[in-house]
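Worksheet: the structure to be examined is printed underneath.
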Amino acid sequence: MDLLYESIGNLVKAALAEDVGPGDVTSLACLEPKPLKAAIVAKSEGILSGLKPLLLVFEIVDSANVVRPLVRDGEPFIKGQTVVEIDGFNQTILTAERTALNFLAHLSGIATLTGRFVEKVAGAARVIDTRKTTPGWRHLEKMAVVHGGGENHRLGLYDMVLIKDNHIASAGSVSEAVRLTKEFLASADFRLQFGARAEDIEIEVEITYQEQLTQAIESGAHRLLLDNQTLDSLKELVSIARKLNPAVKLEASGNVSLETVADIARTGVDYISIGALTHSAPACDFSLQVVE
């Protein structure tokens, strides 16, 4: 099964179990079942994300619900705009309401914040996410980054090598860490466990200072993570890297904000990774309103 759809299914079922439990006592107690038309209306502006889990919430609660998105994932919306219309029954629509809105608000918040960063860099670099995601939500949150115009970094620890400071300290040096990595990727153990070829795995190395950068490039790293650099040091490291190997990909990270991201992009890096896209995005605001 596709990892995204598996993630959506697991999360939606868990969220409904958490919120609904054995039943929506309020709706069952005070409402006689009858047809209901409702709309989900934006109370803020942004970029939409989260339709897949929203649709599944309404479907699981009551397969008779007919949900019509008026705005697609990745499209902008404005305050007061109806983004979804729903035809169904009063009890089940109200039972599904909060869980559906929680998915839409959180994921649209990520897409919206990502879109703001993408707009700031104006194509000078590519905005990417990190592994700083809500446990269990990674595939959905990374989907929302894409809806906002960003790109995904590695999905997990299994699909890319990222040699960070603690790996370097344990291995003894950047050169030794890369050497050991290449040795493992060429092994039968790697092919058996990961089912991949060495040439399909990108090797990235976190760089703090120039000597590490030189070692990483000479060792054959494909990508360098220039972490927590000042603008001046970032410019210097980019210049050195381009002279040593123009093809090496450069990624800037650390303390990136909407105020600083444009200046970082102008240093010449290829990527800017931003943990805040997924761990600090403010939720968008939506409400479900009865139409008739």
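Since every read-out is calculated from the coordinates, none of them should be taken as a lab result. Quick caveat: nothing in here was measured; it's all calculated off a predicted structure. Because the Cβ atoms are built from the backbone with ideal geometry, glycine has one as well, and the counts that use them run over all protein chains shown.
In a reduced charge model with +1 at each Lys and Arg Cβ and -1 at each Asp and Glu Cβ, region 118-279 shows a dipole moment near 260 debye about its Cα centre.
Candidate membrane-span-like segments in the chain, meaning DSSP H helices with Cα atoms spread over at least 24 Å of their own axis and a Kyte-Doolittle mean of -0.5 or above, are 3-20, 90-121, with no membrane implied.
The alpha-carbon atoms of region 166-292, seen along their principal axes, cover 66, 43, 27 angstrom, with the largest extent given first.
In percent, how large is the relative contact order of region 118-279, given Cα pairs closer than 8 Å and 6 or more residues apart?
30
Put the Cα centre of region 112-175 next to the Cα centre of region 228-292 and the gap is 10 Å.
Taking 0.36 nm per residue of sequence separation and removing the Cα-Cα distance, the Glu75/Lys43 pair yields an extension gain of 9.9 nm. Looking only at Val25, Val12, Val41, which one moves most when the chain is put into a Gaussian network model with springs between Cα atoms under 10 Å? Comparing Val25, Val12, Val41 in a Gaussian network model of the chain, the most mobile one is Val25.
Largest GNM mean-square fluctuation across Ala198, Ala221, Ala29, computed for the chain with C-alpha springs under 10 Å, falls on Ala29. Of the trypsin sites (Lys or Arg not before Pro) in region 168-233, the ones in a loop by DSSP (not H, G, I, E or B) with at most 15 other beta carbons within 10 Å are Arg197.
About its Cα centre, the dipole of region 24-127 is roughly 420 debye, where the only charges are +1 on Lys and Arg Cβ and -1 on Asp and Glu Cβ.
Shown here for region 54-112: trypsin sites (Lys or Arg not before Pro) in loop regions (DSSP other than H, G, I, E, B) with at most 16 other Cβ atoms within 10 Å, namely Arg72, Lys79. Cβ-to-Cβ counts within 10 Å put Val57, Val121, Val261 in ascending order as Val121, Val261, Val57, the fewest first.
Looking at the chain, the DSSP beta bridges with both ends there are about 50 percent antiparallel.
Between Arg191 and Ala17, the simple spin-label model (points 7 angstrom out along Cα→Cβ) gives 4.1 nm.
Between Asn152 and Asn245, the modelled labels are 2.6 nm apart [label points 7 Å from Cα along Cα→Cβ]. Labels on offer are (i) 45, 22, 13; (ii) 73, 25, 19; (iii) 37, 19, 18, and the one holding semi-axes √(5λ) of the Cα gyration tensor in Å computed from this structure is (i).
Note on the chain: GNM, Cα springs under 10 Å; of Ala105, Ala96, Ala122, the largest mean-square fluctuation is that of Ala122. Modelled label positions at Asp62 and Gln289, each set 7 Å beyond Cα in the direction of Cβ, lie 2.1 nm from each other.
Within a straight-line Cα-Cα reach of under 25 Å, Lys79 can be paired with the following lysines, leaving aside sequence neighbours fewer than 8 residues apart in one chain: Lys37, Lys43, Lys52, Lys120, Lys142.
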